[in-house]
Each structure stands twice: as C-alpha cells, then as structure tokens.
Amino acid sequence: MSRESRVLSIQSHVVHGYCGNKSAVFPLQVLGIDVDFINSVQLSNHTGYTTIKGQILNENDLKELFDGLKANNLDTIYTHLLTGYVSNDEFLREIAKIIKALRAVNPDMIYVCDPVMGDNGRMYVEKSLLPIFRSEIVPLCDICTPNQFEVELLTEQKINNEDDAWKGMMWFHEKGVKTVVLSSSDIGGPKELIALLSTKKSSGEYEKYKIVIPQKNIFLTGTGDLFAALFLAHSTRLPNDLKTAFEQTIASVQSVIEVTIDSMREEFRSGKVKPNAQQRELKIIQSKKYIESPVIKLHAIRID
Ligand SMILES: Nc1ncnc2c1ncn2[C@@H]1O[C@H](COP(=O)(O)OP(=O)(O)O)[C@@H](O)[C@H]1O
Ligand SMILES: Cc1ncc(COP(=O)(O)O)c(C=O)c1O
C-alpha cells in the first residue's frame, strides 16, 4: 500500500442501529483507515422495522457535497470509494459521475461496491435501480460484494449450486470487475452459508476461494455492509494475499455476530429484548477487539 488509505463512503445512515455507514465507518477506523462519509439517506432505523422515518439525499445534494470537496481539492485524497444502500436512480447515476471524477484525479482509486438491492428473494430498493447497477455501476467496480440474491438479480440467472455461483461471478469479471466476493449463498449443506471469492490476476488467470460458514439461526441487517467495509480494509492491507483477507473478513463478521447473539441471550434472559427482528442490531462497538483481531478461524479452500 503505497499511500495512506482514505475512503469516501456513500451509504445509508440510521439513527438507531447498525447498517450502512453505521456498519462500515467504525470498523474501517478501528483498522486504521480514515473514512469520510456521505449519508445517502438518514433514517430512524433500517428497513426491517415496521416504521421508518427520515430523509433521502437527492442527486443534487450529493453533487453539491462532492463539489464542495472538489473546490478544496479534497477529491484528490481518496484511495477508495465504498458504496452501499442507495434509494433512487438519479442518485445512483450521480455516484457513477463521482467514480469517474475521482479516477480523473487518481486513476488508481479503487471502487468497492456492495450492490445493495435485497436479500432472501425480497428487493428492498426500487426495481429501477437494477438496470443502472447492471449497466452503469458494476462495469466501474474494482471489487464487488453481492449476496446471492443480488447476483441472481444482476445476472438474471438463479443460483442452485456451486457451479451456478461461479458462473454468476464470471458475469462480473466479464463486465470488467477484478474481484468479486459472494458474501453468502445457500448452496451448501443444511445450516451452512457458502462465501466465494474470485479474483482475476494480471496473468489473466483466476484465483478462486470458498469458505463454509456455519449458519446461525438468526437474521441480521447490516452484515453485508460490515462485510464490504472489512473486505476493503483487509484487501488493502493484503493486496497480494486475498485468501487471508477473505478469511479475516469473515472471521471478524462471525465474531461480531457471536458478540451480538451473546448479548441477546442476556437481554432475552432479562426480558429487556423480545426475540423479534426489530430488536436485532449488530453489536459493532462491543466487538471492537474482534474487528482488530478476530478469534474465529474459518479457512478458505482454494478452488482450481
Ligand atoms: N445467519 C448467519 N449466520 C452466520 N453468518 C451470517 C449470517 N448472516 C450473515 N452472516 C455473515 O455476514 C456476511 C454477509 O452477510 P450477507 O447476508 O451475505 O450480506 P447481505 O447483508 O448483503 O445480504 C456473510 O458472509 C456471513 O459471514
Ligand atoms: C437503511 C439500510 N441500509 C443498508 C441496508 C443493507 O443491509 P445489509 O448489510 O444487511 O445488506 C439495509 C437493509 O435493510 C437498510 O435498510
């Protein structure tokens, strides 16, 4: 890593809870990476709650903020752009303009995209975002971290097994994406999540890895944003060892989930928290030491 990393993160903000920038900024800072962040939305809480209130940044607001950075030559300081939850078409198109503007002043700027559109068969953004991601955003990515549902949406192909998953990831490479990380899929055995990584080397060959993750009986929001931020950090620290970066990313995410579940056991016992979706927020702050040094070890298997 030749120069100090600094990330511009454009993701959602939630007042209560952890997803979007709330899931990304602190872990990046813990790992020594400075983050400037723009909140694509400012919501009371994530969309898994029954009531959501708040404000949505429009494309003109985003342009104004970026123009402010440019006016002070601050567009030149970013080594990475990280994007996640976006709520409307023109905002997403403004992000495409920002990617090009950042690359104009720093051709080596790395764009990490979590194409947040949905999970478990349910879209939670406008369907009109899908063709923009497919044709205007994904081709600009250096690293993309979709979940299974997002790969299926973008490729218009269902994933029923591991071969389908690798084929789906090849679609990203054909669009010009160097590294694709499928953050989770249900192609493994019962109670297993499968994460896959595929990266195109300068030789034109592909390096592929797989990690089998024991699936916890819980649905959490914010894990994908945490995953993308951690993979940005670890792949930056280990650009020539993505196997280890992949393992460390998942180990930290698993550690945060363990801390979250442990905290719930206590809260359930005390009756303070009812076991329903609204109360489930990642314990990001309480997991600081595990973000720095994950204790859970899940080994990546090389796939030839
Ligand atoms: N139920 C679960 N059990 C174990 N790990 C999980 C679970 N849900 C998410 N994770 C972890 O979070 C990471 C990202 O989750 P994923 O659901 O793929 O992201 P997204 O939120 O974008 O759908 C996975 O790689 C996995 O390590
Ligand atoms: C406001 C907001 N941001 C981000 C996300 C993405 O969360 P995840 O990291 O689970 O994909 C969601 C998902 O519901 C959300 O509601």
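The values are calculated or read from the model by the stated rules, or taken from the named source; none is laboratory data. Computed from a prediction, not measured in an experiment: that's the story for all the values here. Counting neighbours? That spans all protein chains shown, and the Cβs are built from the backbone with ideal geometry, glycine included. Keep in mind that these areas ignore ligands, DNA and RNA; they rest on the heavy atoms of the full protein, side chains included. Shrake-Rupley method; radii C 1.70, N 1.55, O 1.52, S 1.80 Å.
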**Study point:** Debye intensity ratio in log₁₀ form over the Cα atoms of region 209-304, taken at each q of 0.15, 0.22, 0.23 Å⁻¹
**Key:** -0.61, -1.13, -1.20
Point to revise | Förster radius 25 Å - calculated FRET efficiency between LYS127 and ASN160 (Cβ-Cβ, nearest 0.05) | key: 0.60
Check your understanding: Using a simple spin-label model with points 7 Å from Cα along the Cα→Cβ vector, what separation in nm is obtained for ARG237 and VAL15?
Key -> 3.5 nm
Review point. Considering only DSSP beta bridges whose two residues both sit in region 67-168, what percent are antiparallel, to the nearest 5?
Key: 25 percent
Review point. Carbon and sulfur atoms: what percent of the 1.4 Å accessible area of the chain do they account for?
Key: 49 percent
Review point. What lysines sit close enough to LYS127 to cross-link, taking a C-alpha to C-alpha distance under 18 Å and skipping anything fewer than 8 places away on the same chain?
Key: LYS158
Check your understanding: Using a basic spin-label model with each label point 7 Å from the Cα along Cα→Cβ, how many nm lie between ARG103 and MET170?
Key -> 2.5 nm
Revision key, fill the gap. Most packed first (mean Cβ within 10 Å per residue), the peptides 125-134, 256-265, 226-235 order as 226-235, 256-265, 125-134
Check your understanding: GLN286 to SER203: FRET efficiency via 1/(1 + (r/R0)^6), r the Cβ-Cβ distance, R0 45 Å, to the nearest 0.05?
Key -> 0.55
**Study point:** Largest-first principal axis extents of the Cα set of the chain (Å)
**Key:** 54, 47, 37
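222 nm [θ] for the chain, helices only, -39500 (n - 2.57) per DSSP H run of 4+, per residue, to 500?
Using -39500 (n - 2.57) per qualifying helix, the result is -12000 deg cm²/dmol.
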Check your understanding: Percentage of Cα-Cα pair distances in region 192-234 greater than 14 Å, rounded to whole percent?
Key -> 66 percent
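Please give the contour-minus-distance gain from ASP67 to ASN217: 0.36 nm per residue of separation, less the Cα-Cα distance, rounded to one decimal in nm.
49.5 nm
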